[in-house]
Amino acid sequence: NSADDYSAFLGKKGVAVTILRPTGTAEIEGQSVDVVAEGSFIAKGSQVVVTKVEGFRVVVKKLTE
């Protein structure tokens with residue numbers, strides 16, 4: 001897995017390490033990844049899932065229980 005190949009994160013779950021408004025950092029599969037939130041705001045510590053990968057842009061949404 002190359003650090004530049006973010007497509008492997010598609011569908012993976014992680015945790016928002018920073019507030020996502022809408023950009024920030026999430027930990028996915030043990031790696032710190034710059035992400036963009038679907039919508040406008042996700043609180044730090046929220047569970048997220050990767051919904052889309054467009055090159056270096058990793059889009060996540062908050063997991064709802």
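The values are calculated or read from the model by the stated rules, or taken from the named source; none is laboratory data. Here the structure is a predicted model, which means the values were calculated and not measured. For neighbour counting, all protein chains shown are included, and Cβ atoms are generated from backbone atoms with ideal geometry for every residue, glycine included. Quick note on the areas: whole protein, heavy atoms, side chains included, nothing else; ligands and nucleic acids left out. Shrake-Rupley method; radii C 1.70, N 1.55, O 1.52, S 1.80 Å.
Whenever you get a sec, compute what percent of the accessible area on the chain sits on carbon and sulfur atoms (1.4 Å probe).
47
Quick query: amide H of residue 44 versus all other amide H atoms, modeled in the peptide plane; which residues come in under 5 Å with a sequence gap of 5 or more or a different chain?
19, 20
Which whole-number percent gives the relative contact order of the chain, counting Cα pairs below 8 Å spaced six or more residues apart? Show your work: numbers first, answer last.
Values: 152 pairs, mean separation 20.9, N = 65.
About 32 percent, as a whole number.
Can you give the three extents of the C-alpha atoms in the chain along their principal axes, from longest to shortest, in whole Å?
29, 19, 19
With +1 on each Lys and Arg Cβ and -1 on each Asp and Glu Cβ, how big is the dipole of the chain about its Cα centre, in debye rounded to the nearest 20?
260
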